[in-house]
Amino acid sequence: MQLEHDRRISRATELMAAEGLDALVLSTSNKSQSLYYLTGLDRLCANLVLLRNGRNTLLILDQDLLDAKDTAHADNIRTYSSTIAQFKAIAETIEECGLKDGSVGVDTPFLRATFHDSLKAALPAAITITDATKVTGQLRLIKTQYEIDLIRKASAIAVKALESTTDLIRSGIAREPLAILVFNGFYSSLIMYGQVCERQFLLVLLQNPPLLCLHICLSLVKFNVTRLV
């Protein structure tokens, strides 16, 4: 996975250079999957600062540090104490990298106005915030063999799960029992492929009604496999 991570960073910096971006700021708080794609970290409040030379820093909440050290791919990891403090941390990281002016790209389609305004206020006045949609959009457009293999794995999980429920479905079955059958099929398939742990399953089952469980189970397939591509 480290080689795949390096390839993704290299591809991102090539696209940044083509768009004239000096740095790229990605955030999970804006519901973009680009940070997850480049780092492998999935947290509600995390940011990535990527320079055109490939140097990158992952910025996370204090409580997520141990998890980031275990799962994330990044040159450096920096923490902050609150969601408000993340903007100062981003600005300090960019300044410490020697960038006092130039263009910083953001994933505009996923950017909340409040995030944009707070980031702009924290950055030096000489830095321009620019739309980086072409960079993030092109980044995942062409799949590598590694990513194709993941897509095949996700498809195999889905097929196995649906096949396992075929013989159990009967005429007149209600929606909720059907949802439970399919959910259990996906769970068994995910366990077979090592994609979800018992704790995740129990939390989903205890906290959500069956139809929502089915939706979440389908999301687990996406989260564990296809979100990487």
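Name, by its number, the condition in (1) closer than 25 Å to residue 25 by Cβ; (2) of a type in the set (Val, Ile, Thr); (3) in contact (Cβ under 8 Å) with a residue 12 or more places away in the chain that does not hold for residue 142.
(3)
Mind listing just one residue for me: the one in segment 108-120 that is at pLDDT 90 or above and closer than 23 Å to residue 54 by Cα and, of those, surrounded by the most Cβ atoms within 10 Å (Cβ to Cβ)?
119
Among the residues of segment 144-173, what is the count of those that are in a loop (DSSP other than H, G, I, E, B) and farther than 19 Å from residue 188 by Cα?
Residues in segment 144-173 being in a loop (DSSP other than H, G, I, E, B) and farther than 19 Å from residue 188 by Cα: 5 in total.
So, in segment 121-143, of the ones that are assigned to a loop (DSSP other than H, G, I, E, B) and surrounded by 14 or more Cβ atoms within 10 Å (Cβ to Cβ), which residue ends up modelled with the lowest pLDDT? So that I can check it myself, show each step before the final result.
Initially, segment 121-143 is screened for residues assigned to a loop (DSSP other than H, G, I, E, B), giving 123-126, 132, 140-143.
This time we only want the ones that are surrounded by 14 or more Cβ atoms within 10 Å (Cβ to Cβ), so: 123, 132, 140.
Details: 123: 95, 132: 94, 140: 85.
Only one residue fits best here, namely 140.
Determine, yes or no, whether residue 81 is small (Gly, Ala, Ser) and more than 24 Å from residue 141 (Cβ to Cβ).
It is true that residue 81 is small (Gly, Ala, Ser) and more than 24 Å from residue 141 (Cβ to Cβ).
The values are calculated or read from the model by the stated rules, or taken from the named source; none is laboratory data. All of these numbers come straight from a predicted model, not from anything done at the bench. Glycine gets a Cβ as well: all are built from the backbone with ideal geometry, and neighbour counts include every protein chain shown.
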